[in-house]
Amino acid sequence: MNDAKQNPKDRFYWAEGVSRGEVVRALSDHRPSPLRRQGPRRLLVSSAALVMTALALTVFIGDLKFRTSSEVILMVLGLCLFAFLRQSVRLISEAPNELLDERQIALRDANYKVAYGGISTLTIVYGVLLSLVTGGGWLEEQMGDRFWTGIAASYLLCASSLHAMVLAWSKPSEPQDDAA
């Protein structure tokens, strides 16, 4: 029966979307990386926000084939940026409490408060955009079939990455270890 149990170091945290080994590796990685400096992280956050905005605005592309291609390209790019964002903050934004120290938990929780406020604001913005392009909206005539996919994908990407974006933006640069 013990063989059927999962090894604690291989445990996967489904609610957070991370494994124990993944978080431990990220937190103990001391190799130099540009993603550990605040400037490149802020550029990454800005790029991710731009991609998510562009994804939502694909609703205004008239040609269905071009719109679908744009949505796919922007979604793949957005997922790649999301992966880089997670690594830039060493998965602190997703890690469960038991894998973090008190300082990291306080940092993550403080940024969650800002991120949840941002998600509330984004929900209103996306709701207004949807009300403009759906039945009776000012821009309804300009919409074709499948107009909602870019908006939905953009919203899901925003909601899933906003906590990492807030942490990446606010976290100061990490000190560089001098390798001898």
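Can you name every residue in segment 26-39 that is in contact with a helix residue (DSSP H, G or I) (Cβ under 7 Å, 6 or more places away or on another chain) and without any contact (Cβ under 8 Å) to a residue 12 or more places away in the chain?
Pro34
Conditions tested, residue by residue: (1) in contact (Cβ under 8 Å) with a residue 24 or more places away in the chain; (2) out of contact with any helix residue (DSSP H, G or I) (no Cβ under 8 Å at 6 or more places or on another chain); (3) over 15 Å from Ser160 (Cβ atoms).
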| site | (1), (2), (3) |
| --- | --- |
| Glu16 | yes, yes, no |
| Val24 | yes, no, yes |
| Leu44 | yes, no, yes |
| Leu85 | yes, no, no |
| Ser88 | yes, no, yes |
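Can we say Ser70 is modelled with pLDDT under 90, open to solvent by less than 50 Å² (accessible area, probe 1.4 Å) and among the small types (Gly, Ala, Ser)?
No, not satisfied.
Just to be sure, is Arg103 more than 16 Å from the chain's Cα centre (by Cα), in a helix (DSSP H, G or I) and closer than 20 Å to Glu174 by Cβ?
Numbers: more than 16 Å from the chain's Cα centre (by Cα): yes; in a helix (DSSP H, G or I): yes; closer than 20 Å to Glu174 by Cβ: yes.
Answer is yes for this residue.
Here are the criteria: (1) open to solvent by less than 70 Å² (accessible area, probe 1.4 Å); (2) farther than 30 Å from Val133 by Cα; (3) of a type in the set (Gly, Ala, Ser). Tell me which single one Ala15 does not satisfy.
So the condition that Ala15 fails would be (1).
Conditions (1) over 16 Å from Pro175 (Cα atoms); (2) touching an Asp or Glu at 6+ places or on another chain (Cβ under 6 Å); (3) modelled with pLDDT of 85 or more; (4) open to solvent by 80 Å² or more (accessible area, probe 1.4 Å), marked per residue:
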residue	(1), (2), (3), (4)
Asn2	yes, no, no, yes
Pro8	yes, no, no, yes
Arg42	yes, no, yes, yes
Leu50	yes, no, yes, yes
Leu55	yes, no, yes, no
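So is Arg103 open to solvent by 60 Å² or more (accessible area, probe 1.4 Å), of a type in the set (D, E, K, R) and modelled with pLDDT of 85 or more or not?
Against the criterion (open to solvent by 60 Å² or more (accessible area, probe 1.4 Å), of a type in the set (D, E, K, R) and modelled with pLDDT of 85 or more), Arg103 qualifies.
Please work out which one of (1) of a type outside the set (Val, Ile, Thr); (2) open to solvent by 80 Å² or more (accessible area, probe 1.4 Å); (3) modelled with pLDDT of 90 or more; (4) farther than 18 Å from Val59 by Cβ is the condition Met165 fails and give its number.
(2)
Applying the selection to segment 80-99, what residues are open to solvent by 20 Å² or more (accessible area, probe 1.4 Å) and more than 15 Å from Leu44 (Cα to Cα)? Working first, answer last.
Start the filter on segment 80-99 by keeping residues that are open to solvent by 20 Å² or more (accessible area, probe 1.4 Å), which leaves 80-84, 86-87, 90, 97-99.
Within segment 80-99, Asn97, Glu98, Leu99 meet the criteria.
The values are calculated or read from the model by the stated rules, or taken from the named source; none is laboratory data. In this text, all values refer to a predicted model and were calculated from it rather than measured experimentally. No Cβ is skipped: glycine too gets one built from the backbone with ideal geometry, and neighbour counts run over all protein chains shown. What goes into the accessible areas is simple: the full protein's heavy atoms, side chains included, and nothing from ligands, DNA or RNA. Shrake-Rupley method; radii C 1.70, N 1.55, O 1.52, S 1.80 Å.
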